[in-house]
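Notes to accompany the following structure.
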Amino acid sequence: MILAFDIGGTKLAAAMVEEGRVVTRRQVAMPQDIESFSCAIDELVADMPAPDRIAVASTGFIRDGHIYAVNQNIISFWNGFALHAFLSTRFACPIVMLNDAQAAAWAEYLVCDAAIGNLLYLTLSTGVGGGIVVNRHLRIGWTGLAGHIGHTTLCTFPVEGRMTCGCGRKGCLETIASGTAIARQALFVFGEPLDSREVFARAASDGRAERILVNAAHAVAEAIANCVMLLDVECAVIGGSVGLAPGMIERIRLALQVESGLTQIAVTKAVLGADSGLIGAARWAAGADPSKERPLGDAAHYPTVH
Ligand code: ADP
Ligand code: BMX
Ligand code: ZN
């Protein structure tokens, strides 16, 4: 059995995964300092059986067993944290780590139509993450950054105007379509703190809330179209609590229609929902050679599936 962790900007989940299926799953709010993180890990796994392997899907990019933030405003407390070493002190089994959206992309690819070999996964969550499968291979990249579509810059801009992202670039998708960005824009428009869930609820009766969501959908569609032009992906799978919120996928599909005819690909909801990261990390770990903890290039030592 594989013990998988999904570490996000908002939530921390752990699950025992057996043959690609979640057996036991627990979730807490993501702690805001290392000590609380350490306690939370211990509590999450308290009565779980000893695993054969640990699989991690984490926000940030993974390099040499460390986690690094792309957006310095998300869990900045552990930028550069030696997560592999930290977990090694608790678990006496191999540990395999991936970016959260890369992991989710791998899971969604494995469960999608077997004819599909090129897939873009996007999570609209605390940030905006991305994972790309090209020619049936998950792209990880040289430094682990591959797929970070949330930090590509666009012509669409947030309601306040184009702004600098926590990654240092100006005009990123993440400043428009993440849960954090939706809440920030709502504060600007309504003058009161509203989280992204409340913006969705308001959108039914208030055009200003709907405009924030439609604009976010246009930004996502623009990023999808860019990815089609760059990599010729066949479909876009959307996950994350914002991406899975009622009506978001429909808004993205409508927004994609105004892009070029060449970029009209299928846009679907993540079949595995909030479990994509956990399952993807577990399935990746199951096929990985843990002695090659940092996959170079595009991980030729991993099996091609489908
Ligand atoms: P993580 O980023 O930790 O993976 P999520 O995918 O749950 O976690 O994304 C968290 C973001 O989604 C937060 O900004 C939160 O406000 C927002 N969110 C959570 N639930 C909903 C919902 N039902 N509708 C819209 N936004 C939501
Ligand atoms: C950010 C970045 C990505 C991550 C994405 C979604 C950090 C810490 N994270 O763009 O690596 O994949 O958010 O992550 O820089 P989540 O926290 O929203 O799940
Ligand atoms: Zn950015």
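Screening LEU83 with (1) over 29 Å from ASN215 (Cβ atoms); (2) open to solvent by 50 Å² or more (accessible area, probe 1.4 Å) gives one miss only, at (2). Among the residues here, ALA299 does not qualify as modelled with pLDDT under 95, away from ligand 1 (no atom under 16 Å from the Cβ) and open to solvent by 50 Å² or more (accessible area, probe 1.4 Å). Could you check, for region 161-181, whether at least one of its residues is of a type in the set (Asp, Glu) and within 15 Å of ligand 3 (Cβ to nearest atom)? The answer is yes, given that some residue of region 161-181 is of a type in the set (Asp, Glu) and within 15 Å of ligand 3 (Cβ to nearest atom).
Scanning region 69-108 for residues that are over 14 Å from the mean Cα position of the chain (by Cα), more than 14 Å from ligand 2 (Cβ to nearest atom) and part of a helix (DSSP H, G or I) turns up HIS84, ALA85, PHE86, LEU87, SER88.
You will find that of VAL220, VAL271, VAL214, VAL233, the residue that is free of Cβ contacts under 8 Å to residues at least 60 places away in the same chain and either hydrophobic (A, V, I, L, M, F, W, C) or open to solvent by less than 70 Å² (accessible area, probe 1.4 Å) (or both) is VAL214 and no other. The set of residues in region 15-32 being more than 13 Å from ligand 1 (Cβ to nearest atom) and open to solvent by less than 70 Å² (accessible area, probe 1.4 Å) consists of ALA15, MET16, VAL17, GLY20, VAL22, THR24. When you scan region 168-185, how many residues do you find that are buried (at least 18 other Cβ atoms within 10 Å of the Cβ), away from ligand 1 (no atom under 15 Å from the Cβ) and not in a loop (DSSP other than H, G, I, E, B)? Qualifying residue count, region 168-185: 1.
Could you please find all residues in region 65-80 being open to solvent by 10 Å² or more (accessible area, probe 1.4 Å) and either within 15 Å of ligand 1 (Cβ to nearest atom) or over 20 Å from CYS167 (Cβ atoms) (or both)? Listed by number, the residues that qualify are ALA69, VAL70, ASN71, ASN73, ILE74, ILE75, SER76, PHE77. Evaluated against (1) surrounded by fewer than 16 Cβ atoms within 10 Å (Cβ to Cβ); (2) within 13 Å of ligand 3 (Cβ to nearest atom); (3) in a helix (DSSP H, G or I), PHE188 falls short on exactly one condition, (2). For region 150-164, filtering for residues that are within 14 Å of ligand 2 (Cβ to nearest atom) and either at pLDDT below 95 or surrounded by fewer than 24 Cβ atoms within 10 Å (Cβ to Cβ) (or both) leaves 3. One residue stands out among those in region 192-246 that are assigned to a loop (DSSP other than H, G, I, E, B), within 16 Å of ligand 1 (Cβ to nearest atom) and touching a strand residue (DSSP E or B) at 6+ places or on another chain (Cβ under 9 Å): the one that is nearest to VAL159 (Cα to Cα), which is ALA245. Take the conditions more than 29 Å from CYS172 (Cβ to Cβ) and touching a Phe, Trp or Tyr at 6+ places or on another chain (Cβ under 7 Å) and apply them to ILE54. Does it pass? The answer is yes for ILE54. Among residues of region 188-207 that are within 19 Å of SER241 (Cα to Cα), those with a beta-carbon under 8 Å from a residue that is among the basic types (Lys, Arg) and surrounded by 15 or more Cβ atoms within 10 Å (Cβ to Cβ) at least six positions away or on a different chain give the pairs LEU194/ARG202. Residue pairs whose Cβ atoms lie under 7 Å apart, sitting 6 or more positions apart in sequence or on different chains, and linking a residue in region 28-41 that is touching a residue at least 40 places away in the same chain (Cβ under 8 Å) to a partner that is open to solvent by 50 Å² or more (accessible area, probe 1.4 Å) and part of a helix (DSSP H, G or I), are GLN32/PHE77; ASP33/PHE77; ILE34/PHE77. Among the residues of region 120-168, those identified as farther than 16 Å from TRP106 by Cβ and touching a Leu at 6+ places or on another chain (Cβ under 7 Å) are VAL128, GLY150, THR152, LEU154.
The values are calculated or read from the model by the stated rules, or taken from the named source; none is laboratory data. Given the structure is predicted, the values throughout are model-derived calculations rather than measurements. As a convention, Cβ positions derive from the backbone with ideal geometry for all residues, glycine included, and neighbour counts pool all protein chains shown. Remember, those area values only see protein heavy atoms, side chains included, never the ligands or the DNA or RNA. Shrake-Rupley method; radii C 1.70, N 1.55, O 1.52, S 1.80 Å.
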